[in-house]
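The values are calculated or read from the model by the stated rules, or taken from the named source; none is laboratory data. It should be emphasised that the depicted structure is a prediction, and the values quoted were computed from it without experimental measurement. Backbone-built Cβ (ideal geometry, glycine too); neighbour counts: all protein chains shown.
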Amino acid sequence: MRKKIETLISTDINQALYFLNNNECIGMPTETVYGLAADATSDIAVQKIYQAKGRPSFNPLIIHVTDLKMAQEWGYFNDMALRLANAFWQCDSTFNNSKPLTLVVPLKNKMLSKYVTAGLETVGIRVPAHPMAQQLIKEFSIPLAAPSANRSNYISPTTAKSVYDDLNGLIPFILDGGPCQMGLESTIVDATNNTPLILRYGSTLKEDIVKICPHMSMNEPNLHNPNHHQIIAPGMLKKHYSPKIPVRLNVTIPHDNEAFLAFGPKYDHLETLNLSKSGSLEEAAFNLYAMLRALDQNQYTSIAIAPIPSTGIGAAINDRLQRAMG
Ligand code: TXA
Ligand code: MG
């Protein structure tokens, strides 16, 4: 057990670089959720991620790079992977309309810490669009390994404060980039062969991926890789992203003493919080984790959640809620 340390929260990228250069792991803003970032080539730094999160060592980490050129130093990209990277890894300076996508590709560079891939011969690579993440990786010039910056199995953090609530005393520094624009993790696609396989639903829609690979069949998430008898993306585990108190789904009339997380305009007198009064799924994705955290209190017996349509990003929201329920 490491000695308790003081956790600083700051917008100073130079301070963030100082800690990365000293083999520490730090909170990093991205457009999806906050990451817990460390030098992906340092065994010492990467092991600190697993310690701080309480993450099992068999669950691999994804690496974050500035662009496709940097990604190709670390992984092999076939035609389909190139096509997806070119379509989704273009971040303009505003990072508006960004479509976060993690590509799993064969590992190329043996400089990567073995703890990143947990022994797999593939690596998950993502290009975050958040300008502070971009600047941090550019100046560090080495990929940053980063899972979501929550304690293992708890709700992902979408603000620097949520990272602090989970990891205060366990990490030295959190780079504060404001609330995450999307609020849900990246979509993960296995691009190791020429049939894209979605490993995790996320903030990029299946429909957007199909548009880029129209002639390719698309496989849906499955829990286990039938060939390797191995978990291929533990984010796909049945219970994950869970509040401490129980969760009930598709509720229209909550019990007494239950927190009620509503969606849409019709719950005025019943709701404790509302994911989106106007019924916007994007707004609901943005609010989901912060509101689950806010309602995860002992004063309630459970969190009841109103029905949410599974169209568009609603598919990823319902996927996370199913796993929150376990
Ligand atoms: O939006 C995101 O993806 C965020 C931000 C911080 O970038 N990151 C994130 O990381 O959600 P994490 O570790 O919480 O989820 C990544 C998932 C895990 O379920 C892990 O098992 C899976 O990706 N994964 C990592 N490497 C893999 C690989 N080589 N093959 C299959 N799955 C992999
Ligand atoms: Mg996570």
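Quick notes on this structure:
- Test: residue in region 124-133 that is touching a Phe, Trp or Tyr at 6+ places or on another chain (Cβ under 7 Å), in a strand (DSSP E or B) and either within 8 Å of ligand 1 (Cβ to nearest atom) or at pLDDT 95 or above (or both): yes
- Conditions (1) without any contact (Cβ under 8 Å) to a residue 12 or more places away in the chain; (2) surrounded by fewer than 15 Cβ atoms within 10 Å (Cβ to Cβ); number of the one not met by Ser280: (2)
- The requirement of being at pLDDT below 95, within 11 Å of ligand 1 (Cβ to nearest atom) and not hydroxyl-bearing (Ser, Thr, Tyr) is not satisfied by Ile198.
- Residue in region 67-79 that is hydroxyl-bearing (Ser, Thr, Tyr) and out of contact with any strand residue (DSSP E or B) (no Cβ under 6 Å at 6 or more places or on another chain) present: no
- Hits in region 102-117 (condition: farther than 30 Å from Gln15 by Cβ and either in contact (Cβ under 8 Å) with a residue 60 or more places away in the chain or crowded, with 24+ Cβ neighbours inside 10 Å (or both)): Leu103, Val104, Val105, Pro106
- Failed item, numbered, when Met80 is tested on (1) under 18 Å from the mean Cα position of the chain (by Cα); (2) away from ligand 2 (no atom under 16 Å from the Cβ): (1)
- In this structure, Leu292 does not satisfy being in contact with a helix residue (DSSP H, G or I) (Cβ under 8 Å, 6 or more places away or on another chain), surrounded by 15 or more Cβ atoms within 10 Å (Cβ to Cβ) and more than 22 Å from Ser148 (Cα to Cα).
- Selection of first residues in region 136-164 that are part of a loop (DSSP other than H, G, I, E, B) and among the hydrophobic types (A, V, I, L, M, F, W, C) and of second residues that are modelled with pLDDT under 95 and near ligand 2 (Cβ under 10 Å from one of its atoms), restricted to Cβ pairs under 8 Å at least 6 apart or on distinct chains, gives the following pairs, ordered by first then second residue: Ile155/Tyr241.
- Sole exception among (1) within 10 Å of ligand 1 (Cβ to nearest atom); (2) among the hydrophobic types (A, V, I, L, M, F, W, C); (3) assigned to a loop (DSSP other than H, G, I, E, B) for Met111, by number: (1)
- Residue in region 245-257 that is touching a Lys or Arg at 6+ places or on another chain (Cβ under 9 Å), in a loop (DSSP other than H, G, I, E, B) and not hydroxyl-bearing (Ser, Thr, Tyr) present: yes
- Within region 295-320, being in contact with a helix residue (DSSP H, G or I) (Cβ under 8 Å, 6 or more places away or on another chain) and part of a helix (DSSP H, G or I) holds for Gly314, Ala315, Ala316, Ile317, Arg320.
- For the condition farther than 25 Å from Lys239 by Cα and in contact (Cβ under 8 Å) with a residue 12 or more places away in the chain, Glu185 does not qualify.
- Put simply, of Ile155, Ile174 the only residue that is within 19 Å of Glu283 (Cα to Cα) and either more than 9 Å from ligand 1 (Cβ to nearest atom) or touching a Lys or Arg at 6+ places or on another chain (Cβ under 9 Å) (or both) is Ile155.
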